[in-house]
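First comes the structure, then the notes that go with it.
Read-outs throughout are calculated quantities, based only on the coordinates presented, and are distinct from any laboratory measurement. If you're wondering where the values come from, they're calculated on a predicted model, not measured in any experiment. Here the Cβ is made from the backbone with ideal geometry for all residues, glycine too, and neighbour counts use every protein chain on show.
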Amino acid sequence: MKIIIIGAGPGGYETAALAASRGIEVVLINDGPLGGTCLNEGCIPTKALCAMDAPNQERKREVIGQLQAGVAQLMRNKLITLVQGKASLKGGCSVEVGGETFTGDALIIATGSVSASLPIPGAGSALDSAAMLNLDSVPARLCVIGGGVIGLEFASIYRKFGSEVTVLEFCPNILPRFDVDLAKRLKAALSKRGIAIETSARVTAIEGGSVKWTKNDKDFVTEADCVLMAVGRRPNLASLNLDEAGIEYTPRGIKVDENMQTNIPGVYAIGDVTGGMMLAHVATAHGKRALNHICGLQDGIDFSVVPAAVFTVPEVACVGKTEEECAGTEIVAGKANYRANGKAVASGEADGWCKVLSDKATGRILGVHMMGAHSSDIIHEAAVLVALGVTTKNARDIIHAHPTLSEVLAAAIAAS
Ligand code: NAD
């Protein structure tokens, strides 16, 4: 069997490696550096900046280079052929790259996403997240448009570097799709660290260093030396030739079924290009599902249980349903604070909180929302509890090592 994969981000390259490990021949077509947005201008370089006290491009390049070499090594498999260039669909499972045609038994589109912008005057003068990562100096005043994941991560990073940071968010809360309780606590924690956050703020124009916005029918101006546009991402559909290939899509992304298959049999789409949760680990899981379907295998991946983490200071993490999504179910919310945790206090990381939502009738854990040090690691224990439908009664009997930050989760379960 032979499959064609377009895009070598965490969706495409992980799927290529998995396919090759199953003895499947892969043609992996990529237009850009290996690793996609995640490795080159997303998750990894931002985490490198999170660990610095000042922007250091050399260190960032080192980290990317090291991990890129790892991906290249993974792709050095005799069953994987790497083709550099832009793929254009030719119908069925055929694609063309630079005049050459490749045909497979299946085709997987994993072309990711690109930064979105606002249709306002001066929008072109704002930096996107990729450009932000290339700054080697610290702007005295940074204005971030969009209080979502990208906006808040950069706000935290540049606040730490010493910038005066203002975040302008259109919705009534930051992180609009997250648990409202969690979002409010994060807003308070970021404000305490000196980040100015304006919600229900509508940006109308950028003129030089002046960002104009309105709130409650009043006009405001924020002066900035640097403006970051972080109002979401859109699927990268450019030059795929979807219309001619007859593949259905909307501006939000390529339409797929539960097996990630498009309306054309044998043609699949995974990750950001499908417009769902734009997360690297979701793209990888999508690829696994698509490959399993191609191979006639079933899996138990539950796409409603996706852990997510935002690397602000303090970081936040969540899995399962938000309190708002539990509407209609009678729930119990067990809560615990980091400041009651020995390890958190001893290590000076006492700013944090955890909430466990469970079904009052069955005791089943439905969602966990956390803010605090290492919550992005602790959330995986919660993911297991939610994915396996564990009840608070059973979870209370699980022994946690002392002293650890994971005891915050145990304390919130105990309070349920
Ligand atoms: P996002 O959807 O998380 O946030 C965009 C924010 O911009 C929203 O809060 C939205 O309300 C706001 N907004 C929209 N229009 C606006 C306007 N006119 N004025 C002010 N605010 C406005 O998108 P993002 O932060 O750009 O991130 C893009 C994608 O990348 C997301 O899906 C995100 O999950 C993903 N990502 C994830 C991570 C992570 O997992 N740690 C990190 C970075 C990016």
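Expressed in nm to one decimal, what extension gain is obtained for the pair Glu248 and Leu297 from 0.36 nm per residue of sequence separation less their Cα-Cα distance?
Values: separation 49, 0.36 × 49 = 17.64 nm, distance 2.51 nm.
Residue separation times 0.36 nm, minus the Cα-Cα distance, leaves 15.1 nm.
Express as a percent, rounded to the nearest 5, the fraction of DSSP beta bridges in the range 123-229 (both residues included) that run antiparallel.
45 percent
Principal axis lengths of the chain from Cα atoms, whole Å, largest first?
Between the extreme Cα coordinates on each principal axis of the chain lie 60, 58, 42 Å.
For the residue pair Ala140 and Arg61, what label-to-label distance in nm results when each label sits 7 Å from Cα along the Cα-to-beta-carbon direction?
If labels sit at Ala140 and Arg61, their model points lie 2.9 nm apart.
Nearest 5 is fine: what % of DSSP beta bridges in the chain come out antiparallel, could you say?
60 percent
For Thr81 and Phe220, what is the calculated FRET efficiency with R₀ set at 45 Å and r taken between the beta-carbons, to the nearest 0.05?
In this case the efficiency is close to 0.25.
Taking just the alpha-carbon atoms of the range 308-414, what radius of gyration and Dmax come out, in angstrom?
Rg, Dmax (Cα atoms, Å): 12.9, 41.
How big is D for the range 60-131, in µm² s⁻¹ as a whole number, if Stokes-Einstein is applied with the Kirkwood radius of its Cα pairs at 25 °C and 0.890 mPa s?
Values: Rh = 16.1 Å.
Using the Kirkwood radius from Cα pairs, D works out to 152 µm²/s.
How far, in nm, would the chain grow between Asn394 and Ser94 when pulled straight, counting 0.36 nm per residue and subtracting the alpha carbon separation?
Between Asn394 and Ser94, full extension yields 102.9 nm more.
Counting alpha carbon pairs within less than 8 Å and at least 6 residues apart, what relative contact order, in whole percent, applies to the chain?
So the answer I get is 14 percent.
Compute the whole-percent fraction of alpha carbon pairs in the range 251-376 spaced more than 25 Å apart.
Within the range 251-376, distances greater than 25 Å cover 44 percent of Cα pairs.
Could you pull out every one of the lysines with an alpha carbon less than 28 Å from that of Lys393, ignoring same-chain neighbours closer than 8 positions?
Cross-link targets: Lys321, Lys335, Lys343, Lys355, Lys360.
Separation between the Asp105 and Ala340 pseudo-spin-labels, each 7 Å from Cα along Cα→Cβ, expressed in nm?
Each label point lies 7 Å from its Cα, and together they span 5.7 nm.
Express the relative contact order of the range 123-229 as a whole percentage, based on alpha carbon pairs under 8 Å and six or more residues apart in sequence.
Working: 201 pairs, mean separation 37.1, N = 107.
Once normalised by length, the contact order is 35 percent.
Which longest uninterrupted range of the chain lacks any trypsin sites (Lys or Arg not before Pro) assigned by DSSP to a loop state (not H, G, I, E or B) and surrounded by at most 16 other Cβ atoms within 10 Å?
Answer - 256-359.
Return the tail of the calculated pair distribution for the range 352-393, meaning the percent of Cα-Cα pairs more than 18 Å apart.
Summing the P(r) tail past 18 Å for the range 352-393 gives 24 percent.
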